[in-house]
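All remarks here apply to the structure that follows.
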Amino acid sequence: MIELEEQEAFNAKAILVEPRTLKEDPITAQGRMNELESLCHTLGLEVCTRFPVTIRSVKAASLIGSGKIEEIIASADENNAKIVVFDFDLTPTMQMNLERQTNLCVIDRQEVIIQIFADRAQTSEAKIQVELARLEYSLPRLARKWTNLSQTRGGVRGGKGSGEKQLELDRRYVEKRITVLKQDLEKVKRCRSTQRQGRMDNRIPKIAIVGYTNSGKSTLLNALTSSSVLEENKLFATLDPVTRRMVFSNGSQALLTDTVGFINNLPHSLIDSFRSTLEEAALADLLIIVCDATHPNLTGCFMTTEKVLEELGCKGKEQLILLNKMDAATEEQQFLISRFCSEVQKQTGEQPLKVSVKTGENIDVLIAQIQTRIQSGKIFSEYHIPLSEHALIDRLRTEAQIMSIRYEDTMAIVCCYSSPETYARYSAYLASKNQKSSSSS
């Protein structure tokens, strides 16, 4: 069995195979392949050629016919390529048969994404989530001839694969390791749930920044909260959710959470493993959907984001749609942006807000819209609470959005935004003036 050494694997040449049906739109197929090529570059592979294959019927054994397989082998020999990447979710049988016939390392889009996640994982939580997803993906594929792009089987990090004689031993080890990781992940979920409950109890509005990978979510979080969260022009730069406090000019506050980016055909094993992380979006009061205005498949990226959000139970949640990177949009892209805005307006009834986080274009408009959305339906109130009833102040902290508390000789003056129910419950402590709803403020 031929093995790829660590350095060789990272700089290996790869052939991208693009299976497409007769009914598929060529522009959509082109966008998928461009994205896969970006994923391969992120992984460290050198793409030497792209190989389109028209599929009339999917062959269960190897996806494509023997003639196309021979063409791929000839192309690999010509370009000295050692890896074949399919833009298709290969079954374990397809993957094994293709490797046997080509004598090359065959991987698919899912394995590329999982390996990128593995390379980017920094915290213990992210490492647990990624390892679990990778093991669940690898378990039915342990009989594969090639073992080099999975750290769980020797991997690109170096070392030899276990070999076919160790197959059953490997399978038992992987199954046991999956059980242990699931137990560890449950502990992480309980810890995250406790932290999340603390944020839920203080009644400060929660905002989740979601969107396609590399659309500018972390940069937006930094701009709105004056933070220094890692921001890179790379796919999946953020794997761990980061929450920061945002303070408005009137003193009100909100909690912003930067989430992991979405991508087309995100492996379900990753969605399941990162569910506790992605649930930050499901529990938010407002979703800020960030779209990259310069992406060639802008509409497709938005549809993918909406699909993942629906899977997470976010359908019908309050949304604010942004078109970021407007400063880099070309004249040709402006036409696609206009068409996208029209489609979104028909779907949601609202126009996306065009911004540039890099230059600051329309950021002030964005902040105003965020403030309006999170305070919609709430009542601005000023309560005069005697100092002897300090327990009421503590209760207000959990039931209302506190803007300020000023202490005088005998009372505390609490200014806050509260729900109509809270407003009525504490009506006996209302000041006789300055009562107004957020809609009139």
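Data table
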read-out	value
Partners for Lys59 among aspartates and glutamates (Cα-Cα distance below 19 Å; same-chain residues under 8 apart left out)	Glu18, Glu24, Glu70, Glu71, Asp87, Asp89, Glu99, Asp108
Mean accessible surface per residue for the range 278-370, computed with a 1.4 Å probe while every protein chain stays in place, in Å²	49 Å²
Filter on Lys317/Lys346; Lys82/Lys127; Lys217/Lys358; Lys182/Lys315 - keep pairs with C-alpha separation over 20 Å	Lys82/Lys127; Lys182/Lys315
Qualifying trypsin sites (Lys or Arg not before Pro) for the range 25-58 [loop in DSSP, other Cβ within 10 Å: at most 10]	Arg56
Extension gain (nm, one decimal) between Thr348 and Asp327, 0.36 nm per residue minus Cα-Cα	5.1 nm
Linear extension gain, Thr49 paired with Thr93, 0.36 nm per residue minus alpha-carbon span	13.3 nm
Segment Glu311-Lys189, extension gain: residue separation times 0.36 nm, minus the distance between their alpha carbons	42.1 nm
Thr259 long-range amide H proximity, modeled H, under 5 Å	Ile209
Computed E for Ile413/Ser38 - FRET, C-beta separation, R0 41 angstrom, nearest 0.05	0.15
Nearest-0.05 FRET efficiency for Leu139 and Ser66, computed from C-beta distance (R0 30 Å)	0.55
Per residue, in Å², the accessible surface of the range 28-95 once ligands and nucleic acids are set aside, probe 1.4 Å	45 Å²
R0 of 35 Å, Cβ-Cβ distance Met303-Arg171: FRET efficiency to nearest 0.05	0.40
Rounded percent of accessible protein surface that carbon and sulfur make up, the range 239-327, 1.4 Å probe	46 percent
Most positive-pole-ward Cα, Phe340, Gln319, Ala329, against dipole of the range 314-369 from beta carbon charges	Gln319
Amide hydrogen neighbours beyond the local backbone of Phe51, cut-off 5 Å, H modeled	Leu16, Val17, Glu18
Thr359 accessible area, assembled protein chains, probe 1.4 Å, Å²	90 Å²
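The values are calculated or read from the model by the stated rules, or taken from the named source; none is laboratory data. All figures in this text were calculated on a predicted structure; none of them were measured in a lab. Positions of Cβ are generated from backbone atoms using ideal geometry, with glycine treated the same way; all protein chains shown enter the neighbour counts. Side chains are part of the model used for accessible areas, which takes the heavy atoms of the whole protein and leaves out ligands, DNA and RNA. Shrake-Rupley method; radii C 1.70, N 1.55, O 1.52, S 1.80 Å.
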